[in-house]
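So the structure is just underneath, and the comments pick up after that.
What follows draws every value from the coordinates through simple rules; no lab data is involved. No experiment lies behind these values; they were computed from the predicted model shown. Here the Cβ positions follow ideal geometry from the backbone for every residue, glycine too, while neighbour counts run over all protein chains shown.
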Amino acid sequence: MAKTTDPQVEALKAAGCSRVFAEKVSSRTPEHQRIQLQAALTVLEEGDELVLSKLDRIGRTMLEVVNRLHDLQSRGIHVRTLDGLLNTKGLGKMAPLVIGLLTGLAEVERSLIQERTQESVEHRRRTGGNLGGRPGLPQVKKNHIVKLRDEGHSLRQIVTLTGVSLAAVQKVCKEHQDPSDLVTGLSTINQQPVKGQATKKSKSQSRVSQVA
């Protein structure tokens, strides 16, 4: 594997290219961040030929490559690879048909990927496997949060002591909150003493649920 783009540049020049665009990027680099690719696509005009060292230079996946070929074909731009894999100019009137077939294959590939992904998700649901996303808090940490809350610590104090986000602390406390706390708190807040009549509150009625 070449460490530089020099051999590819020389090969493109030898193939008769008047302008050469080269860049070294990761295969994960999004298309809009590929400066040289975007520059090459911008200068192309109808009747031009885009020569590539390999077909994967215009896309990270088969679907991206085929979509790019379809776009170039619709603009009247020919595509040729140095490895001989593709030459739309040489295909003549067959070029749209070949690209159409490639487009169909790419759609089939995408459908198969989606189907396999869905099957995997369904299997993990049936077997209780991990469906992905952010993992939940360990039970030990949840118990620690509940213990701190029972000891009278505020939510923000618990965040500082445990390093858990405020949203996660609130969720854990809500899951373990005694339903009677909410009922008692609401009844105490809404209870209004009648004028001229003393109101005696029991110990349980004087508790008010509060979120700090």
With +1 on the Cβ of every Lys and Arg and -1 on the Cβ of every Asp and Glu, the dipole magnitude of the stretch 28-78 about its Cα centre, in debye rounded to the nearest 20, is 320 debye
Against the 2.2 N^0.38 Å rule of thumb, the C-alpha Rg of the stretch 6-127 sits at a ratio of 1.25
Quick calc, the stretch 1-111, dipole around Cα centre from Cβ unit charges on Lys, Arg (+) and Asp, Glu (-), nearest 20 debye, gives 180 debye
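I want to check a number: in the stretch 6-127, how many lysine pairs have alpha carbons closer than 20 Å, given a sequence separation of 8 or more or different chains?
Lysine pairs, 8 or more places apart or on different chains, close enough: 5.
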Between Leu112 and Gln38, the two model label points (7 Å from Cα along the beta-carbon direction) sit apart by a distance in nm of 3.3 nm
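Starting with the fewest neighbours, write out Glu46, Glu119, Glu64 ranked by other beta-carbon atoms found within 10 Å of each beta-carbon. Intermediate results must be reported in sequence, preceding the final value.
Details: Glu46 7, Glu119 10, Glu64 14.
Lowest to highest Cβ neighbour count: Glu46, Glu119, Glu64.
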